[in-house]
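Asker: Take this structure, written in C-alpha cells, and hold onto it; I'll ask about it next.
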Amino acid sequence: MTPTVDVIASGIHDAKNGMFNALARIRVAVQAIDDGEAGVALPALTEAETAVVAAAERLTKLLSAYRLAGAENPVSLLPVYVGDLIEDVLIRARESGGGGSEIVADCRYDGVWICDREVVADCLVNALQNALRHARREVHLDAAEIDGQLVITVADDGPGFSDQTPSRASSEHSGVGLFIAQRIAHLHQRHGHRGELRLANGGPLGGACFELRLP
Amino acid sequence: MLEAESLAALFEDKALPGAAKRIPFNPYKELRYLVVDDQAASRQSLKLCIQSMGGFAVDQADTINAAYHRIRGQMPDVIICDYILGSGRTGQQMLEDLRSTDGLPDTVAFLMVTAERGYEQVISAVELAPDDYIIKPFSPEILRARMDRVIRKKVFFRHFFELKRHGKFDAALVELDALNNAEDGKPYRFDILRARSETLLKAGRWADALDSYVSIVEIHPFPWALAGQARALQQLTRHEEASDVIDGVLAVAPGYFSAYDLKAEICCDLGNFDEAQHLLQELAKRTPRNWQRKRTLATVAKLNGDLETAQRLIEEVMAHDQIAGVPIMDRIELLRTALAGGNQELAQKTLSELTSEERAALAPDEKLTIECLEAVMEGKDAGRKRFDRIRADFMRNEMSVDRALDAIRAALLFSDLELADRVAERLLSSDEAPRAFRAVREMFGSCDMEDHFRQVQRAVAAERLKRKT
C-alpha cells in the first residue's frame, strides 16, 4: 500500500468503529423506547449523535486527505483576514470540546493573508483538539508574521510529543491529521516559497508545539 | 430591504472592528432573509439556525425561479443559498445572473452554503463571488460568526455602494481611498483593492484599471484579477495581449465560465468569429439554461454568417426565458435574423406578434429599429416611404453595430448610397470595425458592389491617415 492509502484506510477503520458504536447506542435507545424508559433512551440518543458527528468529522478529514493527496491543485488560495480565521478555529475547537483546558488565543497579525481558509482552519482545529487532549490546563493559539511568513502556533502545557512524533510527521505511519497538516503546508506555495510544518517539544508552555508556517 | 443607513444604524457605534469581537447586541431580528435550497430539510435547518440567531422574517425558495420571484417581490437583506439547486443549476449561476443584471444590490448579503469543497476553487477564480461561503456541516455559531462579518462589511462599504449604485464612480473611488485609510479598514484592505479595480473598469478608466489589476496579480495571480487585466487590455484595444492573458486564465481555471465569455468577446474584436462561436457553443452545452449567454451566442453566430444557428438560438431563448414576457430585444433580434436569412414568413410572424401596447411602449431607438426592419420587409417599393421617414435619424445618430448594419442593409435596398457609405464609414472607423467588417462587406457584396465597398475602405483608411498626420 502507498502511504496515503495507509493513512486513509486507518481513518476509515476508526470511522467504521464510530458508526458501529452509534448503532449500538441507537439500539439501546429503541429498546428503551419500547420499554417506555425515556430516561434511558435520551442519553443513548445523545451518545449516538456524538458518535455520528465524530465519525462524520473523521470522514470529512479523510476526504480532505484524499483530496490533498490526489488532486493536482487542491488548495484554493483566497485573501483571508487572519483574525477571522483564528475566530473560526476557536469556535470550532470549543464546540468539539476535548478536555477542561482553556484555549488562549493571540492574533498578533492584523491583516490579510493569502491562503486556503478551509483547509488551514481544519488543520488548526485538529491541532487544537490534539493539544486539548494532552494539555494539563492551557493551550495557546498564536498567529504572527515572522520573516515574511504567517506563523500559526498551537502550544500546550502537556507532556509533549513522544520521542517519535516529530519525525513521524513525515513518515508513512503518521496520523491523518499530521499527514494533512504537512500536505497543507507543502501545498501553500507563493513567490517560490513553500509552507512548512514544524513539531517540537518545550514550546512557550513547556509542552508540545505545533507550528504551521505559510508563505 | 433595509436601506444602507438603516442597516448601519443597527450597528452604529456598536460595531467593533476586527475579528473575535462579537457584535454586542442582536441586529438579526430586523433583517429579512431568503433561504434558497432544493431540499426541504436543509431549508428548515437553515431557517432554525436563523431563528436561533434572532431572525424572524425568513422566506424560502426551492428553485432559482422561485427565488427570482421572491426577490422581485421583496428584496431581502440576506440571501443564504445552497450551491446545488437541482436540475443542473447552481447557486453560483443564480448569483451571477442576479449580479450581472443589477438584480441584486451590493447592500444585500449573499452567503453560499456548500458541501462541495470544490466550490472554493470556483470562488477563488470568479469575478462575481458571494460575500462569503460556508462548508457543510456547520454549527449555528459558525453561521453567526460569518453573518456578523458579512453584515459588518456591508456597513463598512455602505457609502461606497451608494455612490457606485448612482454611477458616481469618481466619488466612489475617493470613498474607497478614505476606507483604505480608516483604522477599522484593515480586514477589508484586499476588498478595497478589488473594489477599486472594478470601479475603475466601470468608470472607463482602462489604463488605471489595468495598473490596479496588475498590482493584485503581483500579490497573487487570482484568475478574476487576470480576467480584469484582460478586460482592461481589451478596452485599450490591446487585443493580442488580452487574448494571451485570458488564455492563461482558462488554463488554470477551466470552470471559470465568464472567462470564456471574455475570450469569445476578444475573438470577436479580432474578427475571429469562428473561434468565438465554437467557444460559446461548447460553453452553452455546459450551461444550457444561461439564456443571456445564448443571446450572445446568437449574435456571434450571426456575425459569423451562421444565420440558421442564430435563429434557432433566439427562438429557444424566446421560448424559455420569459418570466417577465418575451423581451423586445429578442423579438427585434429574431426579426433581424429572419430578414437577414430571407425568411419573410418568420419575419412577418414575429412582427405580427407585437401588440399595439408593446409598440406604444417601445423606446425611441427600438422604434427606429423596428421601422427600419419593417421598411426592409415591405420591400423596395412599398417600404420607400417608411424608409424616407427615418433616414434623417440614421444620418445623424451614432448607433450600435446591429442598428448600423440594419441601416446599411436598408440603405442598399433603397439605393441610398449616401446613407450606406456614411454609416459604413462611421462603423469601420470605430473600435467595432473588426466585429462589423465581414457583415458590411457581405452586404455590399450581395448587391454586387464589391468595388464600391473597396472605395469605402479606402476612404476610411485615408481619413485615418489624415487624423494621424
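Asker: Does B:G445 meet the test of being surrounded by fewer than 20 Cβ atoms within 10 Å (Cβ to Cβ), in a helix (DSSP H, G or I) and on the phi > 0 side of the Ramachandran plot? Full working, then the answer.
Answerer: Numbers: surrounded by fewer than 20 Cβ atoms within 10 Å (Cβ to Cβ): yes; in a helix (DSSP H, G or I): yes; on the phi > 0 side of the Ramachandran plot: no.
Considered against the rule, which asks whether it is surrounded by fewer than 20 Cβ atoms within 10 Å (Cβ to Cβ), in a helix (DSSP H, G or I) and on the phi > 0 side of the Ramachandran plot, B:G445 comes out as no.
Asker: How many of the residues making up segment B:61-106 are on the phi < 0 side of the Ramachandran plot and part of a loop (DSSP other than H, G, I, E, B)? So that I can check it myself, show each step before the final result.
Answerer: Filtering segment B:61-106 down to residues on the phi < 0 side of the Ramachandran plot leaves B:61-85, B:89-101, B:103-106.
Within this subset, residues satisfying the condition of being part of a loop (DSSP other than H, G, I, E, B) are B:62-63, B:74-77, B:83, B:85, B:89, B:101, B:103-106.
Result for segment B:61-106: 14.
Asker: Another question about this same structure. Does B:G271 satisfy being modelled with pLDDT under 90 and on the phi > 0 side of the Ramachandran plot? If you could, list the steps in order and put the result at the bottom.
Answerer: Values: modelled with pLDDT under 90: yes; on the phi > 0 side of the Ramachandran plot: yes.
When the stated conditions are applied, B:G271 passes them.
Asker: Next up: Could you check segment B:143-204 for helices (runs of 4 or more DSSP H) lying wholly inside it with 3 or more residues that are among the basic types (K, R)?
Answerer: Working: elements: B:158-165, B:169-181, B:189-202.
Once the helices (runs of 4 or more DSSP H) in segment B:143-204 are filtered for at least 3 residues that are among the basic types (K, R), what remains is B:158-165, B:189-202.
Asker: Also, I was wondering about something else. When the residues of segment B:367-391 are narrowed to those that are acidic (D, E) and at pLDDT 90 or above, which ends up farthest from B:V423 (Cα to Cα)? Show your work before the answer.
Answerer: Initially, segment B:367-391 is screened for residues acidic (D, E), giving B:371, B:374, B:378, B:381, B:388.
Going one step further and asking which of them are at pLDDT 90 or above, we end up with B:371, B:374, B:378, B:388.
On the way: B:E371: 17, B:E374: 19, B:E378: 22, B:D388: 16 Å.
Checked segment B:367-391; the qualifying residue farthest from B:V423 (Cα to Cα) is B:E378.
Asker: Can you tell me which residues in segment B:99-112 are out of contact with any Gly (no Cβ under 8 Å at 6 or more places or on another chain) and modelled with pLDDT of 90 or more?
Answerer: The first filter runs over segment B:99-112 and keeps only residues out of contact with any Gly (no Cβ under 8 Å at 6 or more places or on another chain), leaving B:99-111.
B:L104, B:P105, B:D106, B:T107, B:V108, B:A109, B:F110, B:L111, listed by residue number.
Asker: Can you find a residue in segment B:233-249 that is part of a helix (DSSP H, G or I), in contact with an Asp or Glu (Cβ under 6 Å, 6 or more places away or on another chain) and at pLDDT 95 or above?
Answerer: For segment B:233-249, residues part of a helix (DSSP H, G or I), in contact with an Asp or Glu (Cβ under 6 Å, 6 or more places away or on another chain) and at pLDDT 95 or above: present.
Asker: Given (1) touching a Gly at 6+ places or on another chain (Cβ under 9 Å); (2) within 23 Å of B:I123 (Cα to Cα); (3) modelled with pLDDT of 90 or more; (4) not polar (S, T, N, Q), identify the lone condition not met by A:V89.
Answerer: The single condition A:V89 does not satisfy is (1).
Asker: Still on this model: When residues of segment B:239-271 are filtered for being of a type in the set (S, T, Y) and in contact (Cβ under 8 Å) with a residue 40 or more places away in the chain, how many remain? Explain how you work it out, then say what you get.
Answerer: We begin by selecting, within segment B:239-271, every residue of a type in the set (S, T, Y); these are B:243, B:256, B:258, B:260.
Keeping just the survivors that are in contact (Cβ under 8 Å) with a residue 40 or more places away in the chain gives B:256, B:258.
Looking only at that region, the number is 2.
Asker: Further question on the same structure: Does A:A55 count as part of a helix (DSSP H, G or I), more than 14 Å from every other protein chain (Cβ to nearest Cβ) and buried (at least 18 other Cβ atoms within 10 Å of the Cβ)?
Answerer: Numbers: part of a helix (DSSP H, G or I): yes; more than 14 Å from every other protein chain (Cβ to nearest Cβ): no; buried (at least 18 other Cβ atoms within 10 Å of the Cβ): yes.
Against the criterion (part of a helix (DSSP H, G or I), more than 14 Å from every other protein chain (Cβ to nearest Cβ) and buried (at least 18 other Cβ atoms within 10 Å of the Cβ)), A:A55 does not qualify.
Asker: Only one residue in B:A178, B:A195, B:A172, B:A145 is more than 10 Å from chain A (Cβ to nearest Cβ) and over 21 Å from B:L104 (Cα atoms), so which one is that? Don't jump to the end; show me each part of the working.
Answerer: Values: B:A195 fails: over 21 Å from B:L104 (Cα atoms); B:A172 fails: over 21 Å from B:L104 (Cα atoms); B:A145 fails: more than 10 Å from chain A (Cβ to nearest Cβ).
Going through B:A178, B:A195, B:A172, B:A145 in turn, the sole match is B:A178.
Asker: Which of the residues spanning segment B:206-226 are within 11 Å of chain A (Cβ to nearest Cβ) and either over 12 Å from B:V249 (Cβ atoms) or of a type in the set (D, E, K, R) (or both)?
Answerer: Hits for segment B:206-226 are B:I216, B:E218, B:I219, B:H220.
Asker: In this structure, does B:A207 turn out to be surrounded by fewer than 16 Cβ atoms within 10 Å (Cβ to Cβ), at pLDDT 95 or above and not charged (D, E, K, R)?
Answerer: Numbers: surrounded by fewer than 16 Cβ atoms within 10 Å (Cβ to Cβ): yes; at pLDDT 95 or above: yes; not charged (D, E, K, R): yes.
It is true that B:A207 is surrounded by fewer than 16 Cβ atoms within 10 Å (Cβ to Cβ), at pLDDT 95 or above and not charged (D, E, K, R).
Asker: Check segment A:147-155 and report whether any residue there is modelled with pLDDT of 95 or more, within 25 Å of A:T50 (Cβ to Cβ) and away from chain B (no Cβ under 12 Å).
Answerer: If we filter segment A:147-155 for residues that are modelled with pLDDT of 95 or more, which is where we start, we get A:149-155.
Cutting the leftovers down to within 25 Å of A:T50 (Cβ to Cβ) gives us A:154.
Now drop any that are not away from chain B (no Cβ under 12 Å), which leaves A:154.
For segment A:147-155, residues modelled with pLDDT of 95 or more, within 25 Å of A:T50 (Cβ to Cβ) and away from chain B (no Cβ under 12 Å): present.
Asker: Another question, then. Looking only at segment B:107-120, count every residue that is assigned to a loop (DSSP other than H, G, I, E, B) and of a type outside the set (D, E) and tell me the total.
Answerer: Our first condition is that a residue be assigned to a loop (DSSP other than H, G, I, E, B); within segment B:107-120, this holds for B:107-108, B:115-118.
Then drop every residue that is not of a type outside the set (D, E), which leaves B:107-108, B:115, B:117-118.
The number of residues fulfilling the criteria is 5.
Asker: Mind checking which residues of segment B:265-294 are surrounded by 19 or more Cβ atoms within 10 Å (Cβ to Cβ) and more than 24 Å from B:P327 (Cα to Cα)?
Answerer: Answer for segment B:265-294, where residues must be surrounded by 19 or more Cβ atoms within 10 Å (Cβ to Cβ) and more than 24 Å from B:P327 (Cα to Cα): B:I266, B:C267, B:C268, B:D269, B:F273, B:A276, B:L279.
Asker: Taking A:D34 as meeting all but one of (1) more than 20 Å from the chain's Cα centre (by Cα); (2) crowded, with 19+ Cβ neighbours inside 10 Å, write down the number of the exception.
Answerer: (2)
Asker: For segment B:116-132, which residues satisfy the criterion of being facing chain A (nearest Cβ under 10 Å) and either in contact (Cβ under 8 Å) with a residue 40 or more places away in the chain or out of contact with any helix residue (DSSP H, G or I) (no Cβ under 7 Å at 6 or more places or on another chain) (or both)? If you could, list the steps in order and put the result at the bottom.
Answerer: So in segment B:116-132, the residues facing chain A (nearest Cβ under 10 Å) come out as B:117-125, B:129, B:132.
The answer is B:G118, B:Y119, B:Q121, B:V122, B:I123, B:S124, B:A125, B:A129.
Asker: Follow-up. State yes or no: is A:R136 away from chain B (no Cβ under 14 Å) and over 16 Å from the mean Cα position of the chain (by Cα)? Walk me through how you get there before you give the answer.
Answerer: Details: away from chain B (no Cβ under 14 Å): yes; over 16 Å from the mean Cα position of the chain (by Cα): yes.
Considered against the rule, which asks whether it is away from chain B (no Cβ under 14 Å) and over 16 Å from the mean Cα position of the chain (by Cα), A:R136 comes out as yes.
Asker: Something else now. B:V150: more than 21 Å from the chain's Cα centre (by Cα) and away from chain A (no Cβ under 14 Å), yes or no?
Answerer: Working: more than 21 Å from the chain's Cα centre (by Cα): yes; away from chain A (no Cβ under 14 Å): no.
No; evaluated as a whole, the condition is false for this residue.
Asker: Okay, next question. Pairs only if they're at least six apart or on different chains, beta carbon under 9 angstrom, first in segment B:334-362 and touching a residue at least 60 places away in the same chain (Cβ under 8 Å), second among the hydroxyl-bearing types (S, T, Y); list them, first residue then second.
Answerer: Once the first residue is touching a residue at least 60 places away in the same chain (Cβ under 8 Å) and sits in segment B:334-362, its partners that are among the hydroxyl-bearing types (S, T, Y) give B:R336/B:T369.
The values are calculated or read from the model by the stated rules, or taken from the named source; none is laboratory data. Not measured: the values here are computed from a predicted model. All Cβ positions, even for glycine, are placed from backbone atoms using ideal geometry, and neighbour counts span all protein chains on display.
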